[in-house]
Structure formats: C-alpha cells, structure tokens
1. Within the chain, what percent of beta bridges assigned by DSSP are antiparallel, to the nearest 5?
2. In a Gaussian network model over the chain where Cα atoms closer than 10 Å are linked, find which of Thr143, Thr45, Thr132 has the largest mean-square fluctuation.
3. Quick one: how many lysine pairs in segment 8-154 have C-alpha atoms under 20 angstrom apart, if they're 8 or more apart or on different chains?
4. Would you please name the chymotrypsin sites (Phe, Trp or Tyr not before Pro) within segment 49-155 that are DSSP coil residues with at most 12 other C-beta atoms within 10 Å of their C-beta?
5. Distance in nm between label sites at Asp74 and Asn4, each 7 Å beyond Cα in the beta-carbon direction?
6. Relative contact order of segment 15-98, please, whole-number percent, based on alpha carbon pairs below 8 angstrom and at least 6 residues apart.
7. Which whole-Hz ³J(HN,Hα) couplings does segment 44-55 yield from phi under the Karplus relation 6.51 cos²θ - 1.76 cosθ + 1.60, θ = phi - 60°, glycine and proline marked x?
8. Could you point to the residue in Ala99, His145, Ala68 farthest towards the positive end of segment 48-155's charge dipole, with +1 and -1 charges on the Cβ of Lys/Arg and Asp/Glu respectively?
Amino acid sequence: MTVNKPRILIYGYGNPGRQDDGLGVVLAEELERWALENKFAHLHTDSNYQLNLEDAAAIAGYDMVIFADASKEDIPHFSLEPLLSSEKVEFTMHAVSPAFILHLCHQVFNHEPVAYLLHIRGYKWEFMEKMTPSARDNLLSATEHVKKFVLNSYL
C-alpha cells in the first residue's frame, strides 16, 4: 500500500532588490534546491514580489502551504505560525495578505490547504541586493527549521 505524501508549497515573497526584503524569495530558492537534491517530488516552491489574487489558484492544488516573508517585527530570528483564512482585505507593502489568499482559495476552489506564515527577521530595506549578515543568519536558521518541519510532514 502506497502512502500519499502531502503536496507542500513554499511560497516566498518580497523584493530581493531591497536588502532583507528578499528573505522569503531566497528561502524558496534554497528549499527548491534542497527538494531537487533529495528528490522530494511533493515539495514545490514559488515566489514573487508580492501576493496577488491569482495566488489563490496557485495554492489550490496543495495540502499545505508555507508563506515566507521578511519581517520588520522584533522577533528572535524567525517565527512559523499557523495561518487562518480571513475575508478582510489588508493593504500592506504586499498587495494582498496570505490570510485573504487562503480565504479566496476556499471561496473559489472549495479547498483550503493547511497554511503557515513564516516571518524571517530582517534589518535593512535600502535599494540594494546585498542582504545583511544578521538577516542571512536568520535565513539559515529558518531554512533548517522548515526542512525539519517538511520532513516531519512526510512521516
């Protein structure tokens, strides 16, 4: 008997041209390489500068989605928390909130994947592509944590 593994999407968003704002995108790139190296066919990644309404369709085919973004909040290194859907439209630096994307997915596709929000602590937001050393350290910690989280999801 074959056990179906959950289809997982890591969706990183942010602007890599604004220093630490690209943390979510870089995390998705790192995990894509890891998934390919380990032949994890059920783990996929996607990234963009911001979330859009069309992303509801992108997450509809998955059992689990982790939205990853940089954070200006005073968190230790990163935080990974369950995400609940919300019909409230929030206008922030990113056009649409992950909670609204989740809600829209349920409304349009009658499916709501288990979802998490990963915030990675960033420090600088200037127009340059170089990430700060502290943010890079936080990215490494978050990446290792998500790898373990994904592996536990496969068990």
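Please treat every number below as a calculation from the coordinates, not as lab data. What you see is a predicted model; the values in this text were computed from it and never measured. Glycine gets a Cβ as well: all are built from the backbone with ideal geometry, and neighbour counts include every protein chain shown.
1. Numbers: 5 of 25 bridges.
DSSP beta bridges in the chain are roughly 20 percent antiparallel.
2. Fluctuation is largest for Thr132.
3. Numbers: Lys39/Lys147; Lys39/Lys148; Lys72/Lys124; Lys72/Lys130.
Taking segment 8-154 as the scope, the lysine pair count is 4.
4. Details: sites: Tyr49, Tyr62, Phe67, Phe78, Phe91, Phe100, Phe109, Tyr116, Tyr123, Trp125, Phe127, Phe149, Tyr154; in loops: Tyr49, Tyr62, Phe91, Tyr123, Trp125, Phe127.
Passing both the DSSP loop test and the Cβ count: Phe91, Phe127.
5. 4.6
6. Numbers: 61 pairs, mean separation 28.6, N = 84.
Over segment 15-98, the number comes to 34 percent.
7. Karplus-based 3J(HN,Hα) across segment 44-55 equals 10, 10, 8, 7, 6, 5, 8, 7, 10, 4, 4, 5 Hz.
8. Comparing the listed Cα positions along the dipole, His145 ranks first.
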